[in-house]
1. How many percent of the accessible area of the chain is carbon or sulfur, using a 1.4 Å probe?
2. So what's the net charge close to Ile29: Lys and Arg +1, Asp and Glu -1, counting the other residues with Cβ under 15 Å from its Cβ?
3. How long is the gain from Phe118 to Arg148 if the chain were fully straight, where each residue apart is worth 0.36 nm and the alpha carbon distance is subtracted?
4. Residue-wise, which Karplus ³J(HN,Hα) couplings in Hz belong to the range 48-56, taking 6.51 cos²θ - 1.76 cosθ + 1.60, θ = phi - 60°, and x for glycine or proline?
5. Can you tell me which of Glu103, Glu22, Glu32 moves the most in a GNM of the chain? Springs connect C-alpha atoms under 10 Å apart.
6. Taking only protein heavy atoms into account and a 1.4 Å probe, give the accessible area per residue of the range 3-152 in Å².
7. Determine the order of Asp48, Asp102 by accessible area, beginning with the largest, at a probe radius of 1.4 Å.
8. Averaged over every viewing direction, what's the projected area of the C-alpha convex hull for the chain? Give it in nm², one decimal, please.
Amino acid sequence: MNHEYFMNEALIEAKKALAKNEVPIGAVIVREGEIIGRGHNLCETNNDATAHAEIMALRNAGQGLGTWRLNGALIYVTIEPCPMCAGALINSRIETVVYGADEPKFGSAGSQINLLQFPGFNHQVRIIAGIQKEECENLIKGFFKTLRERKKK
């Protein structure tokens, strides 16, 4: 599996969010080497707190496949999933989460809590962290730096 290739696809999605003044997070879902779902943050656009990149990618994959069960699939996401997204990923039966940069405030793949591998749940998700970490970090840090500078003016 070429993790860098698929993380680049997630970064393309993140840049779509950035172009819409959304927090630049993107995700792609892959099964058997093919992208089956794509998504990027649309919370502001849709006025929907659940419109995170992972959720949008899950919806896209489910609609395309005609099922919400994503056994054997991997999700590539530019930033570590939050608790809401971690729960959705567990429920979807995603096999692996591959993410770029840690999310120190809400990270649910180990930064704050590890919901993806909580032993009491009936499904645990494999985690691969740090794929293209610097590029993923730079994108989101740049977004928030620009936002802070605009507020100062």
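1. Working: 4040 of 7980 Å².
So the carbon and sulfur contribution to the accessible surface is 51 percent.
2. Numbers: positive: Arg31, Arg38, Arg59, Arg69, Arg93, Arg126; negative: Glu9, Glu13, Glu32, Glu34, Glu54, Glu95.
Residues close to Ile29 contribute a combined charge of 0.
3. Details: separation 30, 0.36 × 30 = 10.80 nm, distance 3.57 nm.
Full-extension gain reported as 7.2 nm.
4. 9, 4, 8, 7, 6, 3, 5, 5, 5
5. Glu32
6. Details: 7570 Å² over 150 residues.
It amounts to 50 Å² per residue over the range 3-152.
7. Numbers: Asp48 45, Asp102 75 Å².
So, going from the largest accessible area down, we get Asp102, Asp48.
8. Numbers: hull surface 35.0 nm².
Here the figure is 8.7 nm², rounded to one decimal.
The values are calculated or read from the model by the stated rules, or taken from the named source; none is laboratory data. Remember, it's a predicted structure, so these values are computed and weren't measured experimentally. All Cβ positions, even for glycine, are placed from backbone atoms using ideal geometry, and neighbour counts span all protein chains on display. Side chains are part of the model used for accessible areas, which takes the heavy atoms of the whole protein and leaves out ligands, DNA and RNA. Shrake-Rupley method; radii C 1.70, N 1.55, O 1.52, S 1.80 Å.
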